Each structure stands twice: as C-alpha cells, then as structure tokens.
Amino acid sequence: MRYGENPHQGASYYSEEFIRAGSLSKAKQLWGKELSYNNINDANGALELVKEFDEPCVVASKHANPCGVGVGATVCEAYMKAYESDPVSVFGGILAINRVVDAATATEINKIFIEIVIAEGFTDEALEILKTKKNIRLLELPDIRVRREKNAYDMKKVYGGLLIQDYDETLFAEENVKVVTERAPTAEEMKALLFNWKVVKYTKSNAIVIGLEDRTTGIGMGQTNRIWAAQQAIEHAGEKAKGSVMASDAFFPFPDCVEECVKAGITASIQQGGSLRDQLSIDACNAAGIAMIFVGDRHFRH
C-alpha cells in the first residue's frame, strides 16, 4: 500500500489464494496513484453496501461509513441523490457504483474531489472525462453485483489474537416483522423503511439512518449513545428530515429517539425491538401518529 492509516505507517494488502467474484481483489485499477490502507478499507465498506441493491445504485462512503446512498432509473440520477444527501461529506469520499459509469455521471462526479470510483465499468467517454483529474483512482469491477459467497468469514485482527465470525448476511426474517403501533406504515413508507434498513446495516454503530424510499437524507454513525446518533442524522438532514423515515441498527432503550423523530417530522421507524422499555417508545409513536415496526434482527457494525 501507499501507506497505512496514516502516512508514517507502512501497510500491505494480501489477497486470498482463490480470488472471490465481486471482491476488491478482482478490481482492476484503470487510473490514479497507488492505493492506501484507508482506500481499501473504505472502498470495501461501500462495495458491501452497494451489493444490497439490484437497481442502479450509488454509495458515497467516507471513513468506511456511508454518507449518501441513492437509487434511480439511471446511474446519474442515483449519483445525484447520493450526492445531495450530504454534499459536504461526499467531498474527498469514495463512490461505489453498481452499473457502468457514463459521460453524464462522470461530468457530475468531476465537479468535486473524489478519491476513488469503483464501478462495474466506464464508457470510453466517461474515462476521458474522469482522467482529467489526476488524483482520482478508478477501479473497474465487472462482477460488482455478485453477492458474497456463503463460505466466507469476517475476520478482525486484535493485538495477540484474531476474531472470526460469520458475515451478517440477513436483513430480517419476514416472520419476525411486527407492526407495533396503532398506525401501520403506508406502502411508500415500507419501501423507505426497507431502503434505509439496508443502509443502517453497513453504518458503524451506534447508527441511525433517515431517508426516503430512494435516497438517504441524514446519517448518524459511530456514536456512544443512540440519541446522539439520532440527533446527528436529523441535524445533517435539516429540512429534508420532514417526511423521512428512521432506521436504527438496534433497539431504542428510551423513548428519546422517538421524541426527536416527532420534532423533526419523521413519519415511520424501523428497529430491532426487544428493549425492556419498548412500550414507552410505542406510546410516544402512537401519541404522534408515527408508525413503527420491529424486525427482531440487530445490525451492530464495529
């Protein structure tokens, strides 16, 4: 690697002997300087999330966290939704795109500084446009949409040991989904809840994601308590929080997150459920006319 997490740290990247389809090890670098440790780590986080979507999707990532996610009929539409979710954080970030990048998308990308674009491919015209930026790295991964193999394991090295676990492969089990409020989510809200549940799964805990059915509007991540994550997501969304839904990677231990939802104009929520104080959050939702569903699954990510 060019360097590790910081320039004074050396780093290397080791590929598995049998390279897995859809993995970073199969990506071909078409342009730009050599990659750093952070580039690989951040790109992998974006790559894992973009695989959750079948439609054209763009994931903008910063420090291994999504900062904007959008889907659309075209790649350019998906990119603009991801970008507009958080234009400040997208600057200097990484884009994972599950389709071929065209000239229109490349032109929009070139309006800001982007570290890496990893995509299914690039048209010749898009490559010409993007190569006018000497510091951008372009990675081509034709099988980017291939899902993770079942016989893979998530590993994390700690000093003196190695942690190994199964990958978090589920979203939720249909049979565990429960509407716990007096009002059930509308069809549009259910689409939005599912979209944002996919995003919160790949956001560092404690995590709250708010958004619509085709884009995120605010993301709060890596907080030491859930209310801070909720407040961060709502603050980032600003006026866009009104009419959005909220996804939480684990249960609400107190009704404070719901109270923040009410103040921001959020209309529905999806969470794990299972807190001793669940009824307090349910009561707060009912009082405000907010729909809430429990899914039973937790998605901590560290």
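Every number here is computed from the coordinates shown, using simple stated rules; none is lab data. All values derive from a computational prediction rather than experimental measurement. Glycine gets a Cβ as well: all are built from the backbone with ideal geometry, and neighbour counts include every protein chain shown.
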Please arrange I118, I210 by how many other C-beta atoms lie within 10 Å of their C-beta, fewest to most.
I118, I210
Among the lysines, select those whose C-alpha is under 23 Å from the C-alpha of K198, and discard any that sit fewer than 8 residues away in the same chain.
K51, K62, K81, K150, K156, K178, K240, K242
Compute the projected area of the convex hull of the Cα atoms of region 17-77, averaged over all viewing directions, and report it in nm² to one decimal place.
5.2
Can you tell me the orientation of helix 37-50 relative to the chain, as the angle in degrees between its alpha-carbon axis and the longest Cα principal axis, to the nearest 10?
50
On full extension of the chain, what length is gained from E108 through K156, given 0.36 nm per residue of separation minus the C-alpha to C-alpha distance?
13.7 nm
Per-residue Cβ contact counts at 10 Å, fewest first, order S248, S205, S275, S12 as S12, S275, S205, S248
Mean shadow area of region 76-121 over all directions, Cα convex hull, nm²:
2.8
Among I112, I227, I144, which comes first, second and so on when ranked by fewest other beta-carbon atoms within 10 Å?
I112, I227, I144
Out of V177, Y202, L127, whose Cα points farthest toward the positive end of the dipole of the chain (charges: +1 Lys, Arg; -1 Asp, Glu; placed on Cβ)?
L127
So how do 286-294, 86-94, 26-34 stack up, highest first, on mean other-Cβ count within 10 Å?
286-294, 86-94, 26-34
Once the Cα atoms of region 39-189 are picked out, what are the Rg and Dmax in Å?
17.6, 56
In deg cm²/dmol, rounded to the nearest 500, the helical mean residue ellipticity at 222 nm of the chain, built from -39500 (n - 2.57) for every DSSP H run of length 4 or more, is -8500 deg cm²/dmol
Grab the other residues whose beta carbon is less than 15 angstrom from that of R183, score K and R as +1, D and E as -1, and report the net.
-3
Can you order the peptides 55-61, 258-264 by their average number of other Cβ atoms within 10 Å per residue, highest first?
55-61, 258-264
Unit charges on C-beta of K, R, D, E only; dipole of the chain, Debye
700
If contacts are Cα pairs under 8 angstrom and at least 6 residues apart, what is the relative contact order of region 145-267 in percent?
18
One checks the Cα atoms of the chain and finds Rg and Dmax, in Å, of 19.4, 57
